[in-house]
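Working notes, structure below.
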Amino acid sequence: MSLLKEKLAKKLPIEVAEIKEFLKANGKTVVSEVTIAQAYGGMRGVKGLVCDTSVVPPDKGLIIRGYELNDVIDRSPEELFFLLLTGELPNDEEKADLSNELWARGTVPDYVWAVIEAMPSDSHPMAMFNTAILVMQKESKFSAQYAKGMAKDKYWEYMLEDSLDIIAKLPAIAAFIYRKRFGKGERIEANKDYDWSKNYVHMMGLDDTNDKFSNLMRVYLTAHTDHEGGNASAFSAATINSTLSDMYYTISGGLNALAGPLHGLANQECLKWVLETMEKFGGVPTEEQIEKYAWETLNAGKVIPGYGHAVLRVVDPRFTAFHNYGKEHCMDSPVFQTVDKVFTVVPKVLGQIKKISNPWPNVDAGSGALLYTYGLKEFSYYTVLFSVSRSIGIAAQSIIARAYGLPLTRPKSLPTFRFKEIAGV
Ligand code: HAX
């Protein structure tokens, strides 16, 4: 048994018993009321979900099991998986054990390569990635065990098995999609001496002189793992998983939500907007030029990608992590210089528009510029990188949900005439 599984086997039953007691004593306490505006407004602010892996206070941003992002930004994504699940950072032995587990499960079935090869060459990389995960569903240990008959308190163990199997394979799958989709040549095999992030960079075939790219990749993959339970990808995944669909369906389905421009696709849109600005003004634009282009975008009825957030009301600490990284390593890059200037201008512009709740940059405002600067220029691929990382959070949330025995998600909808009746109209 892996050390991660051993730790969870000790901790989870205690937590589950505590929750049971807590619910018994406090189940009727009211935590939230719902207005008609919230029902028509994407349920913003309705407190109706449980997520113990991370929390996003509007005035602070991401906190993972009590750690602010900045405190764990130098950790690896594998360590974050351990932290999200157990509430503790792994010690060296636990970290090595998890890396070995992932290495042992990393071989991708040959049919996955064939399915990716068979897709139209102009498919979006996200469609390729989510298809590749879904096509592996027949490998699910959870589904196989469920079909045989499985006690409910064993669900989380098989969810963990599936999660490790999937997470182990994602870098190879994502790297192959990059090479195939953008004509980069043959598939590159993984290297046993490299960790999960460095192997991803290696298999993509990117220039990693002095570990430059893999260091950025580690920060990127660590920062995107989890963002509490109500964001569109996590919530979609949780709903799918609540039906006892296995982890392959859950991750693939959740990531379909990440592929939308208001969510994870914003990182490709954001870099596109930055490059358009540079093209329009023939290089790094002045602040006045950025302001002009921002108003042009808004007046055309479009959003400025990378800015605004459904929950946050401050600069996203994930943006700050990338911004700090860029200030340290990329200040000679015109694209990063533009991102830096956009940050000084766009919040002032958006701040003048009353309906916008949050004028500050979100996670997607700066990451693309760093990838671009380091040579990863195919920006329709960026959401795949986000997805490789977010799969870790989705997996952790789903394992815990199964351990807690959370039931089928099923909120109540009402037709407009009922809302009118309730409002007395
Ligand atoms: N540019 C222009 N208009 C914006 C805006 C922006 N960056 N942010 C919000 N608005 C607009 C909304 O479109 C909305 O307009 P309508 O009422 O006309 O529909 C209005 O301001 C109120 O929106 P809000 O309450 O401030 O924000 P929401 O909770 O409705 O939406 C979004 C949050 C992130 C979807 C929104 O800010 C947005 O579209 N931002 C740009 C896209 C983006 O960066 N998405 C990535 C978010 C982070 C993420 O999930 N990454 O994966």
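The values are calculated or read from the model by the stated rules, or taken from the named source; none is laboratory data. The structure presented is a predicted model; accordingly, all values stated were derived computationally and were not measured. We place every Cβ from the backbone using ideal geometry, glycine too, and count neighbours over all the protein chains shown.
At-a-glance table
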quantity: Matching entry among K341, K348, K377 (being more than 9 Å from the ligand (Cβ to nearest atom), within 16 Å of F213 (Cα to Cα) and among the basic types (K, R)); calculated: K377
quantity: Hits in region 1-42 (condition: more than 23 Å from A403 (Cα to Cα), surrounded by 10 or more Cβ atoms within 10 Å (Cβ to Cβ) and modelled with pLDDT of 95 or more); calculated: V34, T35, I36, Q38, A39, Y40, G41, G42
quantity: So S143, is it closer than 23 Å to S236 by Cβ, in a helix (DSSP H, G or I) and among the small types (G, A, S); calculated: yes
quantity: Residue check for E296: within 14 Å of the ligand (Cβ to nearest atom) and at pLDDT below 95; calculated: no
quantity: Region 380-417, residues that are touching a helix residue (DSSP H, G or I) at 6+ places or on another chain (Cβ under 7 Å), away from the ligand (no atom under 16 Å from the Cβ) and among the hydroxyl-bearing types (S, T, Y); calculated: S398, Y404, T409
quantity: Checking L85 against (1) touching a Leu at 6+ places or on another chain (Cβ under 8 Å); (2) part of a loop (DSSP other than H, G, I, E, B); (3) closer than 30 Å to V314 by Cα, the condition it does not meet; calculated: (2)
quantity: Checking R313 against (1) in a helix (DSSP H, G or I); (2) more than 19 Å from the chain's Cα centre (by Cα), the condition it does not meet; calculated: (1)
quantity: Q352 being in a loop (DSSP other than H, G, I, E, B) and more than 20 Å from the chain's Cα centre (by Cα); calculated: yes
quantity: Residues of region 344-368 that turn out to be over 21 Å from G264 (Cα atoms) and surrounded by fewer than 19 Cβ atoms within 10 Å (Cβ to Cβ), as a count; calculated: 7
quantity: Test: residue in region 217-225 that is surrounded by 19 or more Cβ atoms within 10 Å (Cβ to Cβ) and either under 23 Å from S140 (Cα atoms) or more than 18 Å from the chain's Cα centre (by Cα) (or both); calculated: yes
quantity: Of all residues making up region 360-372, the number that are near the ligand (Cβ under 8 Å from one of its atoms) and either part of a helix (DSSP H, G or I) or more than 19 Å from the chain's Cα centre (by Cα) (or both); calculated: 3
quantity: Test set (1) under 24 Å from the mean Cα position of the chain (by Cα); (2) within 16 Å of the ligand (Cβ to nearest atom); (3) not hydrophobic (A, V, I, L, M, F, W, C) - T277 fails condition number; calculated: (1)
quantity: Which listed residue, of E228, E269, is modelled with pLDDT under 95 and either surrounded by 20 or more Cβ atoms within 10 Å (Cβ to Cβ) or not in a helix (DSSP H, G or I) (or both); calculated: E269
quantity: Some residue of region 22-32 being small (G, A, S) and in contact with a Lys or Arg (Cβ under 7 Å, 6 or more places away or on another chain); calculated: yes
quantity: Search result, residues across region 195-208 that are more than 20 Å from G368 (Cα to Cα) and surrounded by fewer than 19 Cβ atoms within 10 Å (Cβ to Cβ); calculated: D195
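One line per residue, one yes/no per condition, for (1) near the ligand (Cβ under 9 Å from one of its atoms); (2) under 25 Å from K180 (Cα atoms):
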| site | (1), (2) |
| --- | --- |
| F213 | no, yes |
| G254 | no, yes |
| I304 | yes, no |
| R313 | no, no |
